[in-house]
Every structure is written in structure tokens, then in C-alpha cells.
Amino acid sequence: MTPIWHDDTLKHVSVLGIGNVLLGDDGFGPLVVEMFRCHYECGSSVEVLDLGTPGLDIAPYLYDRDLVILIDAIHMEATPGTLCLFPEDELISHRAELHLTGHDPGIQESLAHLKLAGHAPRELIVLGAEPQRCEFGAGISPSVLTAASAAIVALARLLKERGVSCQSRHPSIQPNIWWLPQGSPASALA
């Protein structure tokens, strides 16, 4: 993707993890934002948030943003753990379908309302991974854990390409991934 604007026009950036941490790979978005927050620091114009499954409550996090990056498990009929970037038009055309139906409609409806009101984000990108399993208590699958590591790096690169201040933390902060069992492979991400 080519940057569509320069950092002198960049005012509000939101990096939003979407998903239910109790439903296995659907917790991809929250895992990525927590790991990103612990390994990178960005300028004051960037908010990095785990929104869970917000439904229509997502609208305030999209309102008048220059850049929004949504991170979620995405059903795209690919091999589990496949990582992809989708621009907003592919989300709206349903090429990229957010995996858990509980938060699908809220994002698309919120975007539609914000566009009608003239307050939609200038650019919206979805960073997603194909889930292997989204079952209660299943935990994050090894393929999606691998995708989470790659997503952290891709997210930092994406922000830097758009002129957003984003540097590695030295030392990193200990992540709060309370939903994963002690000793799970996710500890390798820390």
C-alpha cells in the first residue's frame, strides 16, 4: 500500500483490536494490540485499544480519524494463520469478512452512518488472520500465534509507511494476556 498522505496532516490514528478472547482464534485482535503495545511505542496521536466485540459502539473510535487499523480474525477461506491487509472497500464489499458475526454489522453500519454524516475515517485498513478455531475455551491456535507475531511487525511497518512515529520499546513491557493459560505457546511472543 502506498501512503495517501504525509505525517504533517496526520492528527488522529486508532489501532483497534476486535474479537472475543474467550473464543479461541477470535482473540487474534486483542492479542495483537496487547503485544504491539508492549513491544512498540507510538506518538501521542496514536491510540492502541482492545475493543472486544463493540458492535455499534465502535462508532466513536472511528469518528473523524485520519487512519484506523482494525485487527481481527477474518474469514477469507485461506489456510489458518494466513495474514492479510484489506483496505476499507474490501471490507464493505465483503471480500474480507470479520469472523464473529456479533461484531460484523456494527463496523459496517457504523462506517455507513459516519460517511453519511461526513465523519468517516480518511483511511481504514483491516489487518487480519484466518482463524483455525473459534470455539469457547479453545485458546489461540499455533498458526494464529505465528500470525500474531507477523502482525505486530506488519502493523509497525504500516504505521511507519504513513509517517507515524513508531519505535521499538527497549526493554519491552510484560504483556497482560490473562486469557491464555500459563505456559501456553503465547508466552513465546512476550
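Summary table below
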| read-out | value |
| --- | --- |
| Per-residue Cβ neighbour rank within 10 angstrom, fewest leading, ASP64, ASP89 | ASP89, ASP64 |
| Per-bin percent of Cα-Cα distances, region 9-189 [10 Å] | 10, 41, 36, 12, 1 |
| Quarter of the Cα convex hull surface for region 22-74, i.e. its orientation-mean projected area (nm²) | 4.3 nm² |
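FYI, it's all coordinate maths here, none of it is from the lab. Everything quoted here is computed from the prediction, not taken from an experiment. Cβ: placed from backbone, ideal geometry, glycine included. Neighbour counts: every protein chain shown.
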